[in-house]
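Heads up: the structure comes next, in structure tokens.
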Amino acid sequence: MILIAFGTRPEIIKLFPVINALNKQGMEFRTVFTGQQIDLYDDVKDLVYEPDFTFADSFLGEQKHNTLGESFIKICKAAENLFRKNTFDIVVVQGDTTTACAVAQVAFYNGIKVAHVEAGLRTYDMANPYPEEFNRVLISKLASIHFAPTKQALINLNHENISDAYLVGNTIVDAVNFYKARMSYGGVSSKKVLVTLHRRENHIHLQKLFDQLQLLASDNPDLEIILPIHPNPNIQKHRERLSVANIRIINPVGYPAMLKLIRDSYFIITDSGGIQEEGTCFNKKVIVVREKTERPETIDIGLGFIVGQDILKAIDWAKIPPASIAESPYGDGHAAEKIVEYLKGYGK
Ligand code: UDP
């Protein structure tokens, strides 16, 4: 039996194509929601069916934000309990979250094989992104099968002498294509700049970053800056700094609405990993508010500019319309089908 594990918004977005592909093949599987991002679950829960198992109870009823260690311990405990009571042949985890790391580790301890979707991303800097670089390196050490999203990710895995690694593409392209096919006509109707900032490494820089957004908005009254703000209290506490009329702070939006915001944007300012890929799917320029990225492909094809914490230095660059790209470095939109082909040997 295959178990698909997810606990955060990006995992649900990147795993729903795999779940759809498993269903299409009539394969048996179960799903588990760990509850790690219970506060964002309602926005994306419709992408997947009701999970067979949930650990969400352990994340409910608390006012405070869980630390990394608290989340890790809760997920490990619940996963141990799940694996004690149920038999799985393989557990599928995605990416680099606490959920992926904890579930993979407990599966390994229980002698269950682990399949890693989006394997091989590296910055080779444990502090950037933190703790995700550590999480994915650890998963690579214990997984039995590794689904690399890009040529570079496969090279990284090969350099680490990791066998059973396959280049399949990134399931984000499958996810985007699924909704692109269902989108009504749209386009760049105004100068909307989409901004998302949530990364842990940026929490201490948020005052400075928000001040730059204020300046950008007041110097460019033709721009409309749209910020779907993350519920994390470390981010929410700075929202009052954004007071210029052409900055619109909105609550997090569901995935189809998010893709429309990306499609209709003039350019994007973000520290998110997934949005660097989605921006590329829509041929948008992305100002990457990070020191390093594990998605060099967006930079290499001229759609990304890494700015550290100096957003303003890339605005002139972002305003120049991008050349169109011949093929996406993130895959052909059939990653999930390829993953399921490899998983077939494990489903019982
Ligand atoms: N996203 C969304 N609604 C929002 C903000 C983001 O659906 O209001 C999506 C976004 O399109 C991307 C994913 O959530 O697919 C990114 O999640 P996040 O930034 O939390 O994590 P990361 O990509 O850095 O792992």
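Every read-out reported here was derived from the displayed coordinates using simple, explicitly stated rules and does not represent laboratory data. Since the model is a prediction, treat every value here as computed from it, not as a measurement. As a convention, Cβ positions derive from the backbone with ideal geometry for all residues, glycine included, and neighbour counts pool all protein chains shown.
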| note | Most exposed first, judged by fewest Cβ atoms within 10 angstrom, Ile2, Ile250 run Ile250, Ile2
| Computed over the Cα atoms of the range 143-240, what is the convex hull's projected area averaged over all directions, in nm²? | 10.2
| task | Within 10 Å, count the other beta carbons around each residue, average over each peptide in 203-216, 233-246, and list them highest first. | result | 203-216, 233-246
| In nm, spacing of pseudo-spin labels at Asp211 and Asp46 (7 Å Cα→C-beta vector) | 4.1
| note | Under a Gaussian network model of the chain whose springs join Cα atoms within less than 10 Å, the largest fluctuation of Lys260, Lys74, Lys313 belongs to Lys313
| Can you list the lysines whose alpha carbon sits under 16 Å from that of Lys85, skipping same-chain ones fewer than 8 residues off? | Lys77
| task | Quick one: divide the alpha-carbon radius of gyration of the range 240-348 by 2.2 N^0.38 Å and tell me what you get. | result | 1.27
| query | Pick from Ala326, Ala143, Ala107: which is most flexible by mean-square fluctuation in a GNM of the chain where alpha carbon atoms under 10 Å apart are linked? | reply | Ala326
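If neighbour count is taken as other Cβ atoms inside 10 Å, put Phe267, Phe134, Phe72 in order from fewest to most.
Phe134, Phe72, Phe267
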| If you find the alpha carbon centre of the range 230-249 and of the range 127-205, how far apart are they in angstrom? | 26
| task | Using only the alpha carbons, work out the radius of gyration and Dmax of the range 189-247 in angstrom. | result | 11.4, 34
| query | Taking the Cα centre of the range 166-284 as the origin and placing charges on Cβ (Lys, Arg +1; Asp, Glu -1), which of Thr280, Ala181, Leu223 is farthest toward the positive end of the dipole? | reply | Ala181
| request: Take the Cα gyration tensor of the range 29-83, multiply each eigenvalue by 5, square-root it, and list the three semi-axes largest first, rounded to whole angstrom. | output: 19, 16, 8
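Viscosity 1.567 mPa s, temperature 4 °C: Stokes-Einstein D of the range 271-332 from its Kirkwood Cα radius, in µm² per second?
D = 111 µm²/s.
Roughly how compact is the chain, stated as its Cα Rg over 2.2 N^0.38 Å to two decimals?
0.97
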| said: Only four residue types carry charge here, +1 at the Cβ of Lys and Arg and -1 at the Cβ of Asp and Glu. Report the dipole size of the range 186-332 about the Cα centre in Debye, rounded to the nearest 20. | reply: 440
| Gyration tensor verdict on the range 55-141 (Cα atoms; rounded if a/c is under 1.5, prolate if a/b is larger than b/c, oblate otherwise) | oblate
| query | Of the beta bridges DSSP finds with both residues in the chain, what % are antiparallel, to the nearest 5? | reply | 0
